[in-house]
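Just below is one structure, and these are the notes that go with it.
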Amino acid sequence: MNELGIIKDGAVLIQDGIITAVGTTQALCTEKKPPLATVIDASGKAVLPGFVDPHTHLVFAGDRPDEFAARLRGDHYLDILARGGGILSTVRATRRASMDMLSAGAIKHLNAFLAQGVTTVEGKSGYGLDLKTEVKQLQVMRTLNASHFVDIVPTYLGAHAISEEYAGNADAYIQFMIDAVLPEVVSGELAQFCDVFCEKNIFSVTQSRKLLEKAKMAGLKLKLHADEITQIGGAELAAELGAVSADHLLQASDEGIRQMARAGVVAVLLPLTAFCLREPYPRARFIVDQGCPVALATDLNPGSAFSGSIPLVIALATLTMGMTTEEVVSALTLNAAAAVGRADTIGSIDVGKKGDLILLAFPSYRYLPYHTGVNLVDTVVKDGSIVFEAKERKPGPC
């Protein structure tokens, strides 16, 4: 994660949205550049792969500022959920919302992500907890994926909480998700992943395993919300099932992390959630040192982390979690791409991958944490075309 493969005075050639050459400016301009190529002058600017956010809940309705205030007074996240707030509050609002309302809200978040250099984002359902609304959330993501510059990787998270209709009967709720919702998600090709909130008083390891095994048999890749609030063996379950990623991991055991490393499970760490909940930060230094690949994500959601701030993620990862700047860049690019199953097509500036790039307003990636909490993205290139500029500029000569 510390080896970025930097090319000084580098250049990238993109044709039909795909990177076809990478090297020095001199080599590409004299040997590779087509005569009618559009040239973007990046003099004095660092060029990185587009950022990937591998864990968000970007489609929802309603807000929860009163809950945030309650947490400031000392209320615990699980206590708020137990009395019908938290996720269940957002579920009620999302069930009432139309697809147009959900789309409008999600577009605002996607636009904000794009301005921060995010070119691919994972999005979860989980604010329906019923058939109709889970499908509705995923359909919104599919529509936006086809129309917005930011690519959306859809995840089915029906097991985000126990719905009010199944209160006190998590086993029956999991069976409902398996029997009624999962087949619709799969037949409609609405999701690429299945996720579950494996947590004390929500879904046990046994319940989580049951749903995830069925999802895997149905052709979905696996993710877990694992060991966020209590240590119940979510990391170990992720390793056992061969999940693509296990996310949160604030309370994950040492052995669970080691098992994830051996199984090649990506650890997706969410410092904004720990920050907003005032919980201990994920043990990034320990996880990296165990050989477990680490990705970083915002966890944008209306409750525990109502923020999609990539600059704040970078600041927290370096200043509170012991990560180097190079590790953070890897965690937001190639490792994040791996966490959404797309490391073969995005996440690095390599021949054959998509032409998703960002230009920083400074000459080095090292400014990312140094200019603390500030968005340094000057230009975003998606599939070889400029899709965002912080200010107007004139193309320079090659």
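Could you tell me which residue of region 94-117 is nearest to residue 134 (Cα to Cα), considering only residues that are open to solvent by 20 Å² or more (accessible area, probe 1.4 Å) and among the hydrophobic types (A, V, I, L, M, F, W, C)? Ranking the qualifying residues of region 94-117, first place goes to 99. Residues 350, 356: which one is touching a Gly at 6+ places or on another chain (Cβ under 7 Å) and either more than 26 Å from residue 259 (Cβ to Cβ) or not charged (D, E, K, R) (or both)? Unique residue meeting the criteria: 356.
With respect to the conditions (1) more than 30 Å from residue 386 (Cβ to Cβ); (2) surrounded by 24 or more Cβ atoms within 10 Å (Cβ to Cβ), residue 140 falls short on a single one, namely (1). Quick one: would you say residue 33 is modelled with pLDDT under 90, open to solvent by 60 Å² or more (accessible area, probe 1.4 Å), of a type in the set (Lys, Arg) and in a loop (DSSP other than H, G, I, E, B)? Yes; evaluated as a whole, the condition is true for this residue.
Picking from residues in region 279-328 that are under 24 Å from residue 85 (Cβ atoms) and among the charged types (D, E, K, R), the one that is least open to solvent (accessible area, probe 1.4 Å) is 299. Checking each residue in region 66-93 for being open to solvent by 20 Å² or more (accessible area, probe 1.4 Å) and free of Cβ contacts under 8 Å to residues at least 24 places away in the same chain picks out 66, 69, 72, 73, 74, 75, 76, 79, 83. If you filter region 231-278 down to residues that are hydroxyl-bearing (Ser, Thr, Tyr) and in contact with a Leu (Cβ under 9 Å, 6 or more places away or on another chain), you find that the one that is surrounded by the most Cβ atoms within 10 Å (Cβ to Cβ) is 245. Checking each residue in region 345-385 for being surrounded by fewer than 19 Cβ atoms within 10 Å (Cβ to Cβ) and part of a strand (DSSP E or B) picks out only 385. Any residue at all in region 5-25 that's open to solvent by 20 Å² or more (accessible area, probe 1.4 Å), in a helix (DSSP H, G or I) and at pLDDT below 90? No, the conditions are met nowhere in region 5-25.
Please enumerate the residues belonging to region 143-164 that are modelled with pLDDT of 95 or more, touching a helix residue (DSSP H, G or I) at 6+ places or on another chain (Cβ under 8 Å), open to solvent by 20 Å² or more (accessible area, probe 1.4 Å) and assigned to a helix (DSSP H, G or I). Passing the criteria: only 143. Residues in region 179-197 that are open to solvent by 50 Å² or more (accessible area, probe 1.4 Å) and part of a loop (DSSP other than H, G, I, E, B): 189, 192. Just one of the listed residues (257, 232) is outside any loop (DSSP other than H, G, I, E, B), touching a residue at least 12 places away in the same chain (Cβ under 8 Å) and either hydrophobic (A, V, I, L, M, F, W, C) or out of contact with any Ser or Thr (no Cβ under 8 Å at 6 or more places or on another chain) (or both), namely 257. Of all residue pairs spaced 6 or more apart or on separate chains, those with beta-carbon atoms under 6 Å, a first member in region 177-204 that is under 16 Å from residue 241 (Cβ atoms) and a second member that is part of a helix (DSSP H, G or I) and open to solvent by 60 Å² or more (accessible area, probe 1.4 Å) are 178/214. Evaluate the following for residue 50: is it free of Cβ contacts under 8 Å to residues at least 12 places away in the same chain and either on the phi > 0 side of the Ramachandran plot or crowded, with 19+ Cβ neighbours inside 10 Å (or both)? Judged against the criteria, residue 50 is not a match.
The values are calculated or read from the model by the stated rules, or taken from the named source; none is laboratory data. Just so it is clear, the model here is predicted, and its values are computed rather than measured. Note that each Cβ is placed from the backbone with ideal geometry, even for glycine, and that neighbours are counted across all protein chains shown. The protein model used for the area step is the full one, side chains on, heavy atoms only, and it has no ligands, DNA or RNA in it. Shrake-Rupley method; radii C 1.70, N 1.55, O 1.52, S 1.80 Å.
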